[in-house]
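Report on the following structure.
The values are calculated or read from the model by the stated rules, or taken from the named source; none is laboratory data. The shown structure was predicted, so the numbers you read here are calculated from the model rather than taken from an experiment. Please note: Cβ atoms are built from the backbone with ideal geometry, for glycine as well, and neighbour counts cover all protein chains shown. In case anyone asks, the SASA skips ligands and DNA or RNA and just uses the protein heavy atoms, side chains included. Shrake-Rupley method; radii C 1.70, N 1.55, O 1.52, S 1.80 Å.
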Amino acid sequence: MKRNLRYMAIMAAMVAANANAQDAYNLTSLTSSDLNGTARYVGMGGAMNALGADISTMQSNPAGIGLYRKGDCAFSLSNNTGDESRKFLNRGENFVSFDQLGVVFSFEVGDSPEYFNIGFNYHKDKAYHNVFFDARPLGTGLSQTYQMEELFKSPGQDYYTGRSVSDMAEFGYQTGLLAKDEKGNYIGIGASEYGFKKYERGSRNQLDFSLAFNFDNQFYFGAAVGCSFLSHEIASLYSEENADGGYDLSNYLKTTGTAVDFKVGAIIRPIEDNPFRFGISISTPTAYYMKVDNGFASIDVDKNIEGYHPYEMGAFINDYRIETPWKFGLSAATTVGTQFAIDAEYEYQDWSSLKYKYDDDVEDAVVTGLNSEMLKGVSTFKIGAEYKVTPKLSLRAGYNYVSPMFYENSYRNLDPDNSRYAASGSDAIYTLTSTDFSNLYGINRYTCGIGFRFTKAYLASHISFQVRRASSTHSTTISHRQAAS
């Protein structure tokens, strides 16, 4: 795109998805989890909630550390690889990560085989490291400016009194991307091609403190408190071109936050002399306290776009809260002699109950209601196995399937009626100018690992491969205009 004289409308300190403009895509991106932990835990696909005796089980079923009969300490590193040629703002896909550090102290108490164990574990619950590129011609009647047009004409918009609801429509109206036709109606100027770039950086790290009890090597109970610390940075650039020039829409947002959750679990061997066991776990809703540290949205328009003129929009930023759904888990496991172990699990979390709240803990019924319409319950299936080739060498493998979180027809809503700010008459009712979204069919994870045990130490490694196929991926909420219109 050639630029001679250009116009930039800047929303100073505004965010790509503002605190009072969160939607299901932003909220789930911040709060969903990866598969992470010790090399043994990941190598078995995270399926250890009934087997236990691994430090990472305290993040899912804290009763798992009750199977320890002596202390343990573990730390894990990982190397994540991607296409390093794909960079945006000098951010690529390759990175080295410190994933886990934990310790368990085991104390034998009483005359019978009873143990009281204490565990501390740090792990990286999610890594925000993504780079996405997209560029292609637009078909006839396709353009983001037509989305601006639709938002401009939607109920509640009133630009003649200076009050608006959608910032995408505001951008179009104020910059000339919405032009008057012969009837005086505002319409999008259209485009012939578009491009999109985006990166995410940061992580959500969790520290768990766990207590577990072992009664007669048959009944195991545990509880854990988790504290999370989040730092998330995201930037995107969306561009469109037509015969007269084009525009760039840039977004940047940096968010930090803390969170607290509580987990309880049990592992029971119903038959004393049989290695078969089953586990149950419950995780309370995680309460996130989020803070927008920095952000902006800007639109850069060619000088020769007819009707452009200077415009600046005020900012609205506030803290907010997220409350995730309850999570329930069931697992079963057994061993064959001392050589083979297998564990299978099922977890369920109803993401349609995801809640968005203001910083005074008052729930936004509109955003929460939209979450319930677009999100659904998520089932996670895990299976993992370990085979000891020799007492000092173990081979591991695992598989995960995570069902879709979004309904296939879900979309990013740029124009909801935010109840609190609409009622207050604020000019900053809703701010959302980052328009990309993706609806995944589900997630398939394949893992394998190897472990070496020495006299007083062990060494393990794992490889994990994740497939995420989308039913629909959109760089923008582009609207289609019928040729007759």
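Side notes on the structure shown:
- By a 1.4 Å probe calculation restricted to protein chains, Y348 has an accessible surface near 80 Å², given to the nearest 10.
- Checked against a 29 Å cut-off, the cross-linked pairs K180/K254; K197/K263; K180/K357; K124/K357; K198/K376 give Cα-Cα distances beyond that limit for K180/K254; K197/K263; K180/K357.
- Charged neighbours of N444, selected by a Cβ distance under 11 Å, balance to +3 (K, R count +1; D, E count -1).
- Kirkwood hydrodynamic radius of region 185-288, from inverse mean 1/r over distinct Cα pairs, in Å: 18.8 Å
- A Förster radius of 51 Å, combined with the Cβ-Cβ distance separating V109 from K183, puts the computed FRET efficiency at roughly 0.05.
- Euclidean distance between Cα centres, region 351-391 to region 165-209, Å: 28 Å
- The distance separating the Cα centre of region 31-73 from that of region 258-294 comes to 11 Å.
- Positive-end residue, region 152-282 charge dipole about Cα centroid, Cβ charges, pick of G195, N214, L253: N214
- Couplings for region 51-66, taken from phi via the Karplus curve 6.51 cos²θ - 1.76 cosθ + 1.60 with θ = phi - 60°, read 5, x, 6, 9, 4, 6, 5, 5, 7, 10, 9, x, 5, x, 7, x Hz in order; Gly and Pro are left as x.
- For the peptides 216-225, 361-370, the ranking by mean Cβ contacts within 10 Å, running from highest to lowest, is 216-225, 361-370.
- Measuring only protein heavy atoms, the 1.4 Å probe finds Y68 accessible over about 20 Å².
- Charge dipole magnitude, Cβ of K and R +1, D and E -1 - region 107-152, Cα centre, debye nearest 20: 400 debye
- Of the GluC sites (Glu not before Pro) found in region 171-264, the ones in coil according to DSSP and having at most 14 other Cβ atoms within 10 Å of their Cβ are E182.
- Whether region 204-252 is rounded, prolate or oblate, judged on the alpha carbon gyration tensor where a/c under 1.5 counts as rounded: prolate
- Counting only heavy atoms of the protein chains and using a 1.4 Å probe, K124 has close to 30 Å² of accessible surface.
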